[in-house]
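*Asks:* Structure incoming, see below.
The values are calculated or read from the model by the stated rules, or taken from the named source; none is laboratory data. The model shown is predicted, which means the values in this text are computed figures rather than measured ones. Methodologically, a virtual Cβ is constructed for each residue, glycine included, from the backbone with ideal geometry; neighbour enumeration extends over all protein chains shown.
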Amino acid sequence: DVKVTQSSRYLVKRTGEKVFLECVQDMDHENMFWYRQDPGLGLRLIYFSYDVKMKEKGDIPEGYSVSREKKERFSLILESASTNQTSMYLCASREGGGNQPQHFGDGTRLSIL
Amino acid sequence: EDKVVQSPLSLVVHEGDTVTLNCSYEVTNFRSLLWYKQEKKAPTFLFMLTSSGIEKKSGRLSSILDKKELFSILNITATQTGDSAVYLCARYGSSNTGKLIFGQGTTLQVKP
């Protein structure tokens, strides 16, 4: 079975802090993705990676960066957290190429105070 | 820009009812359309549709794609309270990057 694990279900941080969200998949998938989910706006893509050390901006990359040093791990970094980054963050992975579904982790609900 | 629109945004039914959820999309190099179910946590994959007119079925859930009219429907028959969830529709974008474009979701509540 496909398994995507996000390090925290709930996280509370303060404005200005540097925040790390971790995601690990165990299916040897090439592609990994970070989304944020907000009421009324649906899921929006922040960054994605199609291979180790490769990354591409999604639709809303401002204020975020990512790291993919190993195939199984994709990290999302909030450089200096702000209150408008309070959201549900979802990580996903999929096999590279063709029409394959993305598989999601359980999400991290992040609150920035 | 590719866009996915779901309707209705929310729906309340009683157990045993049949529901139809709608998803329309704008076309540019269409590849596939996907349905997910999201309860309290991870969206779970339901169906992927690539060909027009071919129904995909899993238990009480079924889905079909119409590439001419640019929409898909998700049907749930004999609904149960466990079907209460947000149902997400998404399509792969024009570029071959694996980027999914999601609709806003339909929130379904099934009352006993």
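*Asks:* Out of segment B:69-103, which residues are part of a strand (DSSP E or B), at pLDDT 95 or above and more than 10 Å from every other protein chain (Cβ to nearest Cβ)?
*Replies:* B:72, B:73, B:74, B:75, B:76, B:85, B:87
*Asks:* Surrounded by 21 or more Cβ atoms within 10 Å (Cβ to Cβ), in contact (Cβ under 8 Å) with a residue 40 or more places away in the chain and β-branched (Val, Ile, Thr) - does that describe any residue in segment A:1-10?
*Replies:* Yes, segment A:1-10 contains a residue that is surrounded by 21 or more Cβ atoms within 10 Å (Cβ to Cβ), in contact (Cβ under 8 Å) with a residue 40 or more places away in the chain and β-branched (Val, Ile, Thr).
*Asks:* From the set of residues in segment A:87-98 that are in contact with an Asp or Glu (Cβ under 9 Å, 6 or more places away or on another chain) and not basic (Lys, Arg), which is modelled with the lowest pLDDT?
*Replies:* Among those residues, the one meeting the criterion is A:97.
*Asks:* Those residues that are closer than 17 Å to residue B:36 by Cα, more than 9 Å from chain B (Cβ to nearest Cβ) and either at pLDDT 95 or above or within 11 Å of the chain's Cα centre (by Cα) (or both), I need them from segment A:18-42; list them, please.
*Replies:* The answer is A:34, A:36.
*Asks:* Now for a different question. Working carefully through the options A:45, A:76, find the one that is crowded, with 16+ Cβ neighbours inside 10 Å and more than 14 Å from every other protein chain (Cβ to nearest Cβ).
*Replies:* Step by step, each of A:45, A:76 is checked, and only A:76 is crowded, with 16+ Cβ neighbours inside 10 Å and more than 14 Å from every other protein chain (Cβ to nearest Cβ).
*Asks:* Here's a follow-up. Pick out the one residue from B:50, B:106 that is facing another protein chain (nearest Cβ under 10 Å), among the hydroxyl-bearing types (Ser, Thr, Tyr) and within 29 Å of residue A:91 (Cβ to Cβ).
*Replies:* Exactly one of B:50, B:106 is facing another protein chain (nearest Cβ under 10 Å), among the hydroxyl-bearing types (Ser, Thr, Tyr) and within 29 Å of residue A:91 (Cβ to Cβ), namely B:50.
*Asks:* Would you mention how many residues in segment B:1-59 are without any contact (Cβ under 8 Å) to a residue 24 or more places away in the chain, β-branched (Val, Ile, Thr) and in a loop (DSSP other than H, G, I, E, B)?
*Replies:* 2
*Asks:* Return the residue satisfying two criteria in turn: it lies in segment B:34-68 and is charged (D, E, K, R) and in contact with a Phe, Trp or Tyr (Cβ under 7 Å, 6 or more places away or on another chain), and of such residues it is modelled with the highest pLDDT.
*Replies:* B:37
Table: residues versus (1) more than 12 Å from the chain's Cα centre (by Cα); (2) in a strand (DSSP E or B).
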position: A:47; (1), (2): no, yes
position: A:50; (1), (2): yes, yes
position: A:62; (1), (2): yes, no
position: A:65; (1), (2): no, yes
position: A:74; (1), (2): no, yes
position: A:93; (1), (2): no, yes
position: A:99; (1), (2): yes, no
position: A:106; (1), (2): no, no
position: A:111; (1), (2): yes, yes
